[in-house]
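Note sheet for the following structure.
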Amino acid sequence: MGKPCSSCAHREIAEWSVLKGAAVAHLDDARRSRHFLAGEAIYHEGDEATGVYCVSSGLVGIRKVDPDGESVLLRLVRPGQTFGYRSLLTGTPHGVSAEALKEGSICQVPAATVHRMAAENPALVMAFFRHLAQDMADAENKVMETVTASCRVRFLRLLLAFGGEADGDAGTRVSLELPVSRQDIASLIGVRSETMSRVIRAIEAEGLAHFKGRHVDIPDARRLADESFGSLAA
């Protein structure tokens, strides 16, 4: 079952943090933890919503199939964040699929437990409402960023989100492995794959980063962070 919710390193940032005492014990008794390998599906688009999921470790990608049958990566879910709750709240099948992008552990709280705990703990309902509101704000911000920031800037910001930002002095070298393909990165920043390739070539020509497959070497993370503040749309 994994470590109890009360000792989870991410407990304070999750909706479950509003629960106290016996409610936390009940959550521990009901939840189920499962280890997923990279690329393994957690649920598919169209599946019945059977519970709410929380990322204990790893990285999860939320995908949707477009009208042409292509899988599009919409967003990332990181440790401490929950997903799958919207379909449960609306009583509809999942409109998206969820996939483990990095090996890790995912906890599931069964639907019956979520409904019972929500009825007994109004604060939990409000916590999920706040999460929903934040998701809507993030979606609006993403649309705004697509309009106001260039492809180059959006990609640099994504590299920072993947771990390319450093707090050290200028000249700090950072190496990282991209958890997703270049096609998925193109989806996340709202460009076509061929545009993504041009952006990567331009960034390499500037000496901001060097790419070999999914491996990225950033010679000066502080410089990359400074460049990511640009806002000129392209």
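Tell me whether the stretch 187-194 contains one or more residues that are surrounded by fewer than 13 Cβ atoms within 10 Å (Cβ to Cβ) and in a helix (DSSP H, G or I).
Yes: one or more hits.
Hey, does the stretch 86-101 have a residue that's of a type in the set (Asp, Glu) and farther than 20 Å from LYS142 by Cβ?
There is no residue in the stretch 86-101 that is of a type in the set (Asp, Glu) and farther than 20 Å from LYS142 by Cβ.
In the stretch 8-34, which residues are of a type in the set (A, V, I, L, M), under 19 Å from ARG130 (Cβ atoms) and not in a helix (DSSP H, G or I)?
Across the stretch 8-34, the qualifying residues are ALA14, LEU19.
Which ones in the stretch 13-48 are buried (at least 20 other Cβ atoms within 10 Å of the Cβ) and either over 16 Å from the mean Cα position of the chain (by Cα) or charged (D, E, K, R) (or both)?
GLU15, TRP16, LEU19, LEU27, ARG31
Exactly one condition in (1) in contact (Cβ under 8 Å) with a residue 24 or more places away in the chain; (2) on the phi < 0 side of the Ramachandran plot is false for GLY190; which is it?
Only one criterion in (1) in contact (Cβ under 8 Å) with a residue 24 or more places away in the chain; (2) on the phi < 0 side of the Ramachandran plot is unmet by GLY190, namely (2).
For the list (1) out of contact with any Pro (no Cβ under 6 Å at 6 or more places or on another chain); (2) surrounded by fewer than 20 Cβ atoms within 10 Å (Cβ to Cβ), I need the number of the one condition that HIS10 fails.
Tallying (1) out of contact with any Pro (no Cβ under 6 Å at 6 or more places or on another chain); (2) surrounded by fewer than 20 Cβ atoms within 10 Å (Cβ to Cβ), HIS10 fails exactly one: (1).
Return yes when ARG116 is basic (Lys, Arg), in the same structural domain as ALA14 (by TED's automatic domain parsing) and modelled with pLDDT of 90 or more and no when it is not.
Yes: the conditions hold for ARG116.
Within the stretch 135-151, can one find any residue that is among the basic types (Lys, Arg) and either assigned by TED's automatic domain parsing to the domain that holds HIS44 or crowded, with 17+ Cβ neighbours inside 10 Å (or both)?
Within the stretch 135-151, not a single residue is among the basic types (Lys, Arg) and either assigned by TED's automatic domain parsing to the domain that holds HIS44 or crowded, with 17+ Cβ neighbours inside 10 Å (or both).
Here is a yes/no grid of residues against (1) within 25 Å of SER7 (Cα to Cα); (2) in contact with a His (Cβ under 9 Å, 6 or more places away or on another chain); (3) hydroxyl-bearing (Ser, Thr, Tyr):
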| site | (1), (2), (3) |
| --- | --- |
| LEU59 | yes, no, no |
| ILE62 | no, no, no |
| PRO67 | no, no, no |
| GLN81 | yes, yes, no |
| GLY95 | no, no, no |
| ILE106 | yes, yes, no |
| VAL109 | yes, no, no |
| THR113 | yes, yes, yes |
| MET117 | yes, yes, no |
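Among the residues of the stretch 193-202, are any under 20 Å from ARG63 (Cβ atoms), outside the structural domain of GLU70 (by TED's automatic domain parsing) and modelled with pLDDT under 90?
Checked against the condition, which is being under 20 Å from ARG63 (Cβ atoms), outside the structural domain of GLU70 (by TED's automatic domain parsing) and modelled with pLDDT under 90, the stretch 193-202 yields at least one hit.
The values are calculated or read from the model by the stated rules, or taken from the named source; none is laboratory data. Since this is a predicted model, take the numbers as computed values, not measurements. Positions of Cβ are generated from backbone atoms using ideal geometry, with glycine treated the same way; all protein chains shown enter the neighbour counts.
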